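Worksheet: one structure, shown below.
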Amino acid sequence: MTIIETKVGVRNKLDENGIVSRIRLEAPKTSHLEAVKRIFRYIKGTTHLGLRYPKGAGIKTVVYADSDHAGDYADRKSNSGIFTFVGCCLTSWFLKKQTALAISTTEAEYVSSGKACQQALWMKQALIDYDVRLDDVPIMYDNKRAIDLSKNPVQHS
């Protein structure tokens, strides 16, 4: 896998406040139901859309990762965002609060890059089912110190 420095900035228009991703199943609220209905209306209106991959064209897979250090003001935990593109199409993404408390931006980005590696390996394995074999999957993130830490062969955990 290749690690390259880049900038990432993506915002989810369907679930702008993260309501759906934080539903507590034992006590859902009206706002949760409204957010889910909004997503279903969007899906219903876009069923004619799909992902198009021209025959014979090479499929390049790229994973983007980013995090915000201490982004949650309540518990000071960081959030990781991972976005996977196969060709020119966004095929998977997630935004999740990190389980551990990061003491620096570098640590938060390093944890995020680890999740990106998991996603890259999963996507690489999933594409084998479609007879697509990838040599490497570049992982893009924007913290120089975290990139240097990732390239260091010494164990860090």
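The values are calculated or read from the model by the stated rules, or taken from the named source; none is laboratory data. Not measured: the values here are computed from a predicted model. Because the Cβ atoms are built from the backbone with ideal geometry, glycine has one as well, and the counts that use them run over all protein chains shown. For accessibility, only protein heavy atoms count, side chains too; no ligands or nucleic acids. Shrake-Rupley method; radii C 1.70, N 1.55, O 1.52, S 1.80 Å.
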Scan of the stretch 102-126 for residues that are in contact (Cβ under 8 Å) with a residue 60 or more places away in the chain and either open to solvent by 30 Å² or more (accessible area, probe 1.4 Å) or touching a Gly at 6+ places or on another chain (Cβ under 9 Å) (or both), ordered by number
Cys117, Lys124
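For the stretch 53-63, check the following and say yes or no: at least one residue is under 26 Å from Leu101 (Cβ atoms), modelled with pLDDT of 80 or more and surrounded by 11 or more Cβ atoms within 10 Å (Cβ to Cβ). Quick ask: steps written out before the conclusion?
We begin by selecting, within the stretch 53-63, every residue under 26 Å from Leu101 (Cβ atoms); these are 63.
Still in the running and modelled with pLDDT of 80 or more: 63.
Narrowing further to those that are surrounded by 11 or more Cβ atoms within 10 Å (Cβ to Cβ): 63.
Yes, some residue in the stretch 53-63 is under 26 Å from Leu101 (Cβ atoms), modelled with pLDDT of 80 or more and surrounded by 11 or more Cβ atoms within 10 Å (Cβ to Cβ).
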Of the listed residues (Thr84, Thr99), the one being at pLDDT 85 or above and open to solvent by less than 100 Å² (accessible area, probe 1.4 Å) is Thr84
Condition test on Glu34, is it on the phi < 0 side of the Ramachandran plot and at pLDDT below 80?
no
Flagged in the stretch 52-66 as free of Cβ contacts under 8 Å to residues at least 60 places away in the same chain and under 19 Å from Ala120 (Cβ atoms), in numbering order, are Tyr53, Gly58, Lys60
Just to be sure, is Lys144 basic (Lys, Arg), open to solvent by 60 Å² or more (accessible area, probe 1.4 Å) and under 14 Å from the mean Cα position of the chain (by Cα)?
no
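Filter the stretch 127-141 for residues that are of a type outside the set (Phe, Trp, Tyr) and in contact (Cβ under 8 Å) with a residue 12 or more places away in the chain; which is most open to solvent (accessible area, probe 1.4 Å)?
Initial filter on the stretch 127-141 (of a type outside the set (Phe, Trp, Tyr)): 127-129, 131-140.
Next, from what is left, pick out any that are in contact (Cβ under 8 Å) with a residue 12 or more places away in the chain: 127, 132, 134, 136-140.
Details: Leu127: 19, Val132: 33, Leu134: 25, Asp136: 73, Val137: 3, Pro138: 13, Ile139: 2, Met140: 30 Å².
The selected residue is Asp136.
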Against the condition closer than 24 Å to Asn152 by Cα and surrounded by fewer than 18 Cβ atoms within 10 Å (Cβ to Cβ), how does Thr91 come out, does it pass?
no
